[in-house]
Number of protein chains: 2
Amino acid sequence: MAKIKITRELVAQKAKVAPSTVSRALSGHPGIPKRTADKVKKIAEALGYIPSSLGRSHFQKKSFRIGCVIPYKFDQRIQTLPSDYFSKFLYGLMLSAMEKNYSVTVIPDSGLSASELAHNVQSNNVDGLVFLGIRRGDTRFSELYRKKIPFIFIHHYEPGRNYPYVDTNAETGLREAMEYLKSNGLNKCMLVSGGNAFRNALDRTAIYKKLIKEYSFSDLGIIDGDFSIKSGVFAAKKIALEGLPEVIFCANDRIACGLIQGFQELQIRVPMDVKVIVFDDMNVTRIVTPKLTTIENPFFECGKKAAELILSCIKKEKPQNIILPSKLIIRDSA
Amino acid sequence: MAKIKITRELVAQKAKVAPSTVSRALSGHPGIPKRTADKVKKIAEALGYIPSSLGRSHFQKKSFRIGCVIPYKFDQRIQTLPSDYFSKFLYGLMLSAMEKNYSVTVIPDSGLSASELAHNVQSNNVDGLVFLGIRRGDTRFSELYRKKIPFIFIHHYEPGRNYPYVDTNAETGLREAMEYLKSNGLNKCMLVSGGNAFRNALDRTAIYKKLIKEYSFSDLGIIDGDFSIKSGVFAAKKIALEGLPEVIFCANDRIACGLIQGFQELQIRVPMDVKVIVFDDMNVTRIVTPKLTTIENPFFECGKKAAELILSCIKKEKPQNIILPSKLIIRDSA
DNA sequence: CTGAAAGCGCTTACAG
DNA sequence: CTGAAAGCGCTTACAG
């Protein structure tokens, strides 16, 4: 029952053309007349011929694959990126890549060296790298840049460097939020920040500071958090002691969940006693009670744009950074 | 500034051996004496030679890649698999694959035909397929089987077929849960089921039915859910009308969150008025209040085993299905 | 123990 | 418009 492998040669033979003509017909080469192309296509189809992506890749010295580098840490339990972020982004990336006949390979990163990262491209396993969840102070990128490895950042950038990136502008959504609050007569606000490990957390804090001035909110200060539930619980206790504002912005959903938990224990009710608005828009914001009013970060769109950007880097075009707007989604917490 | 590509030939020249010897030295061929191998390795390293995975793959007619097929649907918003499931599983798969010098390519599936799925392997884009989130009644697999495409299921199986799979045994964890409840003197219980679209949901219901008899629980019946928040809210109302049991099992976290929301509106408190135990263990179970007591499904382990199983299929070994135990994690809801 | 040679399946200049 | 030929960079039998 040895099945014969359907090769290009077999198709050529049946169609009475040369193998190179088969290739040309199937890839839509302009020089081939429609009649010939159609004949070849029909025979190829009938025979079930499927071109080897390995042969093609090898000849062209391109893998037609994008490497998506995903950080992780092993502690007691496996630490991943916020999962929704990861999966929504990845869908966008995959779908957009697919349209361009690229596929996506995932690369786990528990602290690979710059050389190890470069290796993925130098060995032609992938054609370029997409980085998410990058922390400030990561020093691996100058080597990649020097080695001319195509790479981009998602939700990160390095001031003063020419590393291309796709980012979300927190300002548009925060502006909507502040206008919404103003129109409801709210005035006293606070922020539980995301600390300084991530560029995005820093930016959110900076934009918050700028806008509360611009919109003349009464500034009750900032509490430093770190994107964890625990820091939210802690913030709740501190805020309860110091006196409640009317609105609390949280740098992410985990902080907000911790905050609301902390308030619950103190009999402080959201949104009746204090409103809460959250950055990002994870699935959890719709699962918890109350459902969280958020400044949405368009992860899926971001993935789509990421595919476009890394492909332009791979083609050695001059990359154009992409900045997507965030927007307000009103639910129950504010 | 034209950089010369470091080739195997250059290494061979510097080391005064043939190119084939370079390959052999670098891949640890047994016939090469340590002296020669070390010399070649040193020179290759110094030159920064990195073998092309494309050449290797092409020659061996193997991509050294596992395809992870991820279902999605476009509705108003993109529908993904439960995200934690997806990401934790993927980590396990990636890490385990990496140990065997395989990488993982993700394949989005919004209803690809069997031929389209097969195509990924036939074109050598990947060597085999891993399926998650498969619904009962999916008819695409007989064609894959017939075409001898290596593939496996995760958390799914087809009775009477020889399709290999990795699954979790819900019984071990449920048994622990029931013993735990008994030891606390609890007796009257219910289940909000996950419907019949997924094999796993069906299995959970069947095992539940079996064990409440075995442990002599007082059976207050089953409410059909569908893994959605809404079905949890609905169940809460129904249960409140019909009279509260002591314990409610939920087929997943979304149902449980809906249930607790529904109870909250009715002033029914968890765990004071009724205990809740949930299958799976998503991140959300630790974020919500109360933290949910769960029967853990080891997603990460499952990913690791999946890599082993699909690789054994690829190597044409006789695949051995893998069934992992679940276990009880006690938190605040029961 | 090591080299020369064949071949993996493609694509693309180069002829005609 | 189409064919014959070269070559992508590797591995592995086959000689020696």
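Taking first residues from the stretch B:33-56 that are hydrophobic (A, V, I, L, M, F, W, C) and partners that are open to solvent by 50 Å² or more (accessible area, probe 1.4 Å) and outside any helix (DSSP H, G or I), the Cβ contacts under 9 Å between residues at least 6 apart in sequence or on separate chains come to B:Ala37/B:Gly28; B:Ala37/B:His29; B:Ala44/B:Pro51; B:Leu54/A:Lys61; B:Leu54/A:Lys62. Checking B:Arg140, B:Arg161, B:Arg175 one by one, the residue that is within 27 Å of B:Asp226 (Cβ to Cβ) and surrounded by fewer than 17 Cβ atoms within 10 Å (Cβ to Cβ) is B:Arg161 and no other.
Among the residues of the stretch B:207-259, which ones are among the aliphatic types (A, V, I, L, M), within 14 Å of chain A (Cβ to nearest Cβ) and open to solvent by 20 Å² or more (accessible area, probe 1.4 Å)? Across the stretch B:207-259, the qualifying residues are B:Ile229, B:Val233.
Cβ-Cβ distances below 8 Å connect the following pairs, each with a first residue in the stretch B:14-28 that is within 14 Å of chain A (Cβ to nearest Cβ) and more than 6 Å from DNA strand D (Cβ to nearest atom), a second residue that is not in a helix (DSSP H, G or I) and not aliphatic (A, V, I, L, M), and a separation of six or more residues or different chains: B:Leu26/B:Pro51. If the condition is being more than 10 Å from DNA strand C (Cβ to nearest atom), open to solvent by 80 Å² or more (accessible area, probe 1.4 Å) and not in a helix (DSSP H, G or I), then the stretch A:8-31 contributes A:Lys16, A:Pro30. Of all residues in the stretch A:32-78, those satisfying the criterion of being away from DNA strand C (no atom under 13 Å from the Cβ) and part of a loop (DSSP other than H, G, I, E, B) are A:Ser63, A:Tyr72, A:Asp75, A:Gln76, A:Arg77.
Taking the criterion of being within 13 Å of DNA strand D (Cβ to nearest atom) and among the hydrophobic types (A, V, I, L, M, F, W, C), the residues of the stretch A:44-60 that qualify are A:Leu54, A:Phe59. Annotation: of all residues in the stretch B:32-43 being away from DNA strand D (no atom under 13 Å from the Cβ) and under 43 Å from the mean Cα position of the chain (by Cα), the one that is least open to solvent (accessible area, probe 1.4 Å) is B:Ala37. Against the numbered list (1) more than 30 Å from A:Ile154 (Cβ to Cβ); (2) open to solvent by less than 70 Å² (accessible area, probe 1.4 Å); (3) within 14 Å of chain B (Cβ to nearest Cβ); (4) within 8 Å of DNA strand C (Cβ to nearest atom), A:Lys5 comes up short only at (2).
Which fully enclosed helices (runs of 4 or more DSSP H) of the stretch A:79-185 have 1 or more residues being farther than 28 Å from B:Gly67 by Cβ and within 14 Å of another protein chain (Cβ to nearest Cβ)? Spell out how you get there, then give the answer.
Working: elements: A:83-99, A:114-122, A:141-146, A:170-183.
Ranges flagged: A:114-122, A:141-146.
Being open to solvent by 10 Å² or more (accessible area, probe 1.4 Å) and more than 18 Å from the chain's Cα centre (by Cα) is a condition met by at least one residue of the stretch A:191-199. Restricting the stretch A:55-85 to residues that are at pLDDT below 95 and hydrophobic (A, V, I, L, M, F, W, C) leaves a set whose member that is most open to solvent (accessible area, probe 1.4 Å) is A:Phe59.
The values are calculated or read from the model by the stated rules, or taken from the named source; none is laboratory data. Quantities reported herein were computed from a predicted structural model and do not represent experimental measurements. Every residue, glycine among them, receives a Cβ derived from its backbone with ideal geometry; neighbour counts consider all protein chains shown. Remember, those area values only see protein heavy atoms, side chains included, never the ligands or the DNA or RNA. Shrake-Rupley method; radii C 1.70, N 1.55, O 1.52, S 1.80 Å.
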